[in-house]
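Shown next, in C-alpha cells, is the structure this report addresses.
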Amino acid sequence: MSAAETTLRKKPVEYEATVTEVRMETHDTATLFLDLGGAPVEYKAGQFLNIDPHQFPALRAFAAYLQEQKGRRELFRSYSMSSAPHEPQVAITVKDEEFIPGLTKYPGLLAPYLVHGRLTGARVRVTGFMGPYVLPDDVEERTDHLVHVVAGSGAVPNFSILKDALHRDLRLRHTFLCSNKTWADMLFREELEKLEAAHPGTLRVVHTLTRETDEPRFGPHVRKGRINQALLEELIPDRDRCLVYVCGPAITPWDRRKALDTRTPATPRFMETVLGHLHELGVEDKRIKREAYG
Ligand SMILES: Cc1cc2nc3c(=O)[nH]c(=O)nc-3n(C[C@H](O)[C@H](O)[C@H](O)COP(=O)(O)OP(=O)(O)OC[C@H]3O[C@@H](n4cnc5c(N)ncnc54)[C@H](O)[C@@H]3O)c2cc1C
C-alpha cells in the first residue's frame, strides 16, 4: 500500500483541540489555528475534519430549534484544512455564508459561531482526518499541470494542496483560478500573490469577480464575471494532459429533493457549471477531481 493510501485509510481520530488563534481573512471568513495537544497529526493536503455542533453550549437552543424545524438531528459539519501538512499548526478556514431571507432556507448553525464566536482559547472536539480530495502519489507521472478551479471557501483545500505541492517541489505547474463576488471576498489573496512571486513560471493565479463594481480592480489577473468556458479554454491549453481539481458550491441534496417534488430541474451551481464547461472543452472526467460544498 502506498503512503497516500495508508493515510487515506486511517480511521479518523477524535482530538481535543485548543483554538490558539482566530484570524479574520475577510469580513465573513476566519482561519482557526488548532493545537491538537501534541497528538500525532497525519493528514494529506486536501483532507477535512469534522466538528459536531452539539458540543457547544451556546448553540444548544438554536440546534434544537433547527432540528424541530427540519425534523432531523443536526449532523457534524466538515472543514478542509487550509494548512498544509508541513506547516506547524493545523488550520481550518470557515466562511459564514450570508442568510438571505426568502432565498436561504435556514440560517447557518456552526459557521457563524466558528467565525464570529471569539473562540481563541476555546476547546473544540474535532474528528479527523479524512477525504479523497488529495493528490495521487504518482501525480507527476499523470500530469505536469494542475489546474485549481474554486469558488468562495472552495479555495480552502486547493490552497493546502498548492502549498504542499510547492513545498515538496513536485514537478507541476499550477493554474489557480478562483471565483468570488467582490474584491473584499477574495480569500488568501496576499498569500497567493506571494507564492506566485516566489514561484514564477510555476504558479499562475487568476481571480474572477462576479459583483465587483470598482473597474480599476480588473486586469489580466482579475477578470470580470463568472468562470466561463472561454476563460477555461484560455488557461488550459493542455486539456488532454492536465489534472483539474474543482471545489465549490454544488446542487445540494435539498435542492435535489425539491426538484423531485416540484418536477423542476435543480438550477446548476458552480460545480455543475464548471464541469459542463470542462466536458465541453474535452477534459475527460478521469482528469477531474471534485469536492462539493453545500
Ligand atoms: C468535505 C467538505 C469540506 C468542507 N470544507 C469547508 C471549508 O473548508 N470551509 C467552509 O467554510 N465550509 C466548508 N464546508 C461546508 C461546511 O461543512 C458547512 O456546510 C458550512 O460551514 C455551513 O454550515 P452551517 O452549520 O453554518 O450551516 P448549515 O446549517 O449547514 O446550513 C447551510 C445551508 O444549507 C441549508 N440547509 C441546511 N439544512 C437544510 C435543510 N434541511 N433543507 C434545506 N436547506 C437546508 C441552509 O438553508 C443554508 O443555506 C465543507 C463541506 C464539505 C462537505
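Of everything in region 23-60, what is touching a Ser or Thr at 6+ places or on another chain (Cβ under 6 Å) and either among the polar types (S, T, N, Q) or free of Cβ contacts under 8 Å to residues at least 60 places away in the same chain (or both)? Give them in sequence order.
Of everything in region 23-60, those that are touching a Ser or Thr at 6+ places or on another chain (Cβ under 6 Å) and either among the polar types (S, T, N, Q) or free of Cβ contacts under 8 Å to residues at least 60 places away in the same chain (or both) turn out to be Arg23, Thr31, Phe33, Asp35, Asn50.
Evaluate region 62-71: report whether one residue or more is outside the structural domain of Arg173 (by TED's automatic domain parsing), open to solvent by 50 Å² or more (accessible area, probe 1.4 Å) and either among the basic types (Lys, Arg) or modelled with pLDDT under 95 (or both).
yes
Tell me, yes or no, whether region 132-147 has at least one residue that is of a type outside the set (Phe, Trp, Tyr) and within 30 Å of Gln67 (Cα to Cα).
yes
Does region 269-294 hold any residues that are away from the ligand (no atom under 12 Å from the Cβ), in a helix (DSSP H, G or I) and either surrounded by 12 or more Cβ atoms within 10 Å (Cβ to Cβ) or free of Cβ contacts under 8 Å to residues at least 24 places away in the same chain (or both), and which are they?
Within region 269-294, Phe270, Glu272, Thr273, Val274, Leu275, Gly276, His277, Leu278, His279, Asp285, Lys286, Arg287 meet the criteria.
Taking region 74-87 as the region of interest, how many residues are within 11 Å of the ligand (Cβ to nearest atom) and either surrounded by fewer than 13 Cβ atoms within 10 Å (Cβ to Cβ) or not polar (S, T, N, Q) (or both)?
6
Inside region 44-58, can you point out the residues that are touching a helix residue (DSSP H, G or I) at 6+ places or on another chain (Cβ under 7 Å) and more than 9 Å from the ligand (Cβ to nearest atom)?
Selection gives Lys44, Ala45, Gly46, His54, Phe56, Ala58.
Which residues, counting only those in region 93-135, are touching a strand residue (DSSP E or B) at 6+ places or on another chain (Cβ under 9 Å), at positive phi and either open to solvent by 50 Å² or more (accessible area, probe 1.4 Å) or more than 9 Å from the ligand (Cβ to nearest atom) (or both)?
Within region 93-135, Arg118, Gly121 qualify.
For region 19-40, what are the residues that are more than 12 Å from Ala91 (Cα to Cα) and open to solvent by less than 80 Å² (accessible area, probe 1.4 Å)?
Glu25, Thr26, Asp28, Thr29, Gly37, Gly38, Ala39
Keeping to region 248-271, report how many residues are under 16 Å from the mean Cα position of the chain (by Cα) and either small (Gly, Ala, Ser) or modelled with pLDDT of 95 or more (or both).
Of the residues in region 248-271, the ones under 16 Å from the mean Cα position of the chain (by Cα) are 248-252, 269-271.
When the remaining residues are screened for being either small (Gly, Ala, Ser) or modelled with pLDDT of 95 or more (or both), the result is 248-251, 269-271.
Total satisfying the criteria: 7.
Among the residues of region 141-196, write down those that are surrounded by fewer than 20 Cβ atoms within 10 Å (Cβ to Cβ) and small (Gly, Ala, Ser).
Scanning region 141-196 gives a single hit, Ala184.
Can you tell me which residue among Val205, Val156, Val126 is closer than 20 Å to Gly46 by Cβ, out of contact with any helix residue (DSSP H, G or I) (no Cβ under 9 Å at 6 or more places or on another chain), not assigned by TED's automatic domain parsing to the domain that holds Val22 and not charged (D, E, K, R)?
Details: Val205 fails: out of contact with any helix residue (DSSP H, G or I) (no Cβ under 9 Å at 6 or more places or on another chain); Val126 fails: not assigned by TED's automatic domain parsing to the domain that holds Val22.
The match here is Val156.
Can you find even one residue in region 230-243 that is among the β-branched types (Val, Ile, Thr) and open to solvent by less than 10 Å² (accessible area, probe 1.4 Å)?
Yes, region 230-243 has at least one match.
Does Leu110 fit the bill of being touching a His at 6+ places or on another chain (Cβ under 6 Å) and among the aliphatic types (A, V, I, L, M)? First the steps, then the outcome.
Values: touching a His at 6+ places or on another chain (Cβ under 6 Å): no; among the aliphatic types (A, V, I, L, M): yes.
Answer is no for this residue.
Could you list, ordered by first residue, the pairs with Cβ atoms under 9 Å in which the first is in region 110-125 and closer than 18 Å to Glu16 by Cβ and the second is among the hydroxyl-bearing types (Ser, Thr, Tyr) and more than 14 Å from the ligand (Cβ to nearest atom), at least 6 apart or interchain?
Thr120/Thr20; Gly121/Thr18; Gly121/Thr20; Ala122/Thr18; Arg123/Thr18; Val124/Tyr15; Val124/Thr18; Arg125/Tyr15
Against the condition more than 23 Å from Thr18 (Cα to Cα) and touching a Cys at 6+ places or on another chain (Cβ under 7 Å), how does Val139 come out, does it pass?
no
The values are calculated or read from the model by the stated rules, or taken from the named source; none is laboratory data. The model shown is predicted, which means the values in this text are computed figures rather than measured ones. Virtual Cβ from ideal backbone geometry, glycine too; neighbours counted across all protein chains shown. Protein only, heavy atoms only, side chains kept; ligands, DNA and RNA dropped before computing areas. Shrake-Rupley method; radii C 1.70, N 1.55, O 1.52, S 1.80 Å.
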